[in-house]
1. Can you tell me the FRET efficiency between Asn23 and Ala192 if r is taken as the Cβ-Cβ distance and R0 is 45 Å, rounded to the nearest 0.05?
2. With point charges of +1 on the Cβ of Lys and Arg and -1 on the Cβ of Asp and Glu, referenced to the Cα centre of the range 76-221, which listed residue (Leu219, Thr171, His122) lies farthest in the positive direction of the dipole?
3. Quick one: compute the contact order of the range 76-221, relative version, from alpha carbon pairs under 8 angstrom and 6+ residues apart, as a percent.
4. In terms of modelled amide H atoms, which long-range or inter-chain residues lie less than 5 Å from the amide H of His277?
5. So which trypsin sites (Lys or Arg not before Pro) in the range 201-295 pass both tests, a DSSP loop state and at most 14 other Cβ atoms within 10 Å of the Cβ?
6. Modelling each spin label as a point 7 Å along the Cα-to-Cβ direction, I'd like the Arg273/His122 distance in nm, to one decimal.
7. Assuming R0 = 30 Å, what is the FRET efficiency of Arg216 and Arg319, from their Cβ-Cβ distance, to the nearest 0.05?
8. What order do you get for His277, His116 when you list them from fewest to most C-beta neighbours inside 10 Å?
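Taken together, the values in this text are just the output of simple stated rules run on the coordinates, not laboratory data. The model shown is predicted, which means the values in this text are computed figures rather than measured ones. Because the Cβ atoms are built from the backbone with ideal geometry, glycine has one as well, and the counts that use them run over all protein chains shown.
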Amino acid sequence: MAAPEPIPVSLHGRVFTRSEALNAGVHPERLRRRDILRVNRGRYRWVGDRGRRPRSAPHPTAELEGIVREISPATADHRARAVLGAIPDAALSHTSAAAARGWWLPQRFVTEAQVHIARPPHRPPTSRPGVTTHRLALKPEDIAVIDGRRATSVERTWLDCAHLFSVDELTILGDSLVRTPYAWVEERRPAAWTTPGRLEEQLQRSTGVRGITVARKALSLIRVGSDSPKETELRLALIMAGLPEPQLQVQCWDPEYSAHFPATADLGYPQWRIAIHYEGRHHRSEEQLHRDIRREQAFVRQGWTNLRFDAVDAAQGFRTAVEQVRRVLSQSPSGVSARR
């Protein structure tokens, strides 16, 4: 048998339609060769020599046969697109829907190989390598579109992550979804992803969903105003230690700092004039360091105590930070008492 004609490079590494192949100059008979995988009706993928198989082996025609295995080196985005292309009634869900939106995820999910999809309850699970099928009874409002791909809605995605996340992790994600972006640095997203109210509505219409108990606990801890996961971790550490819950984005007006806008701290206790700052990586630049100094000087002039914490404190679970805050609170004029 003569060697098959080469497949155009434009069709490599992806699922393509019959019309795309013909337009690229591929003869219809070429699509029947063993190095072409038929994904489903009218959709193909070139697999090269890896596609050769014994004559007795049936040609794979199942909805996802071989797809995930063949594209394993590809990015998660390419994997997700291939899966959705092979299963029309599926929608990205759980951490896959979160990743498609660019959300924060716990580190163990950042490089996750699995593609999570949701299908109607009456559809069979897709038992294929690299794909986890969740059979969910989704309502129309539970479905959204991300860059042309079906996915669970913002609120439903947050809820579905509940059985994979701890309460703290789901709270961190929730804080990031309800925060209002800063217009001058986040022009691409001028509004919050959702609101605590919409998350509450999702829980009310999703009774019995897996992870609902974790979601309810996390919702009670979600606050608007946290600008980073570490700020949320610090706030939760203070609460779990029995300390008063700090306010977020605490303001201090100081005329030397500005007559038009206040100096702000990530969190703190205005009633006791305690400002708490979490210094992320961006605070290392010379320009940011100058702004930080001016900000803290404003708090000092107005009689506040500044407490600064960073990644070293975060790596310790903020244990040292908790004790430092406890000590400062106990020394406040009112003598705040916070037991462990």
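1. 0.55
2. So the residue we want is His122.
3. Working: 199 pairs, mean separation 30.0, N = 146.
Value for the range 76-221: 21 percent.
4. Leu307, Arg308, Phe309
5. Details: sites: Arg205, Arg210, Arg216, Lys217, Arg223, Lys230, Arg235, Arg273, Arg281, Arg284, Arg291, Arg294, Arg295; in loops: Arg205, Arg210, Arg223, Arg273.
Sites meeting the loop and neighbour criteria: Arg205.
6. Here the modelled spin labels are 6.9 nm apart.
7. Values: r = 28 Å, r/R0 = 0.92.
The calculated FRET efficiency here is 0.60.
8. Numbers: His277 23, His116 27.
Result, fewest neighbours first: His277, His116.
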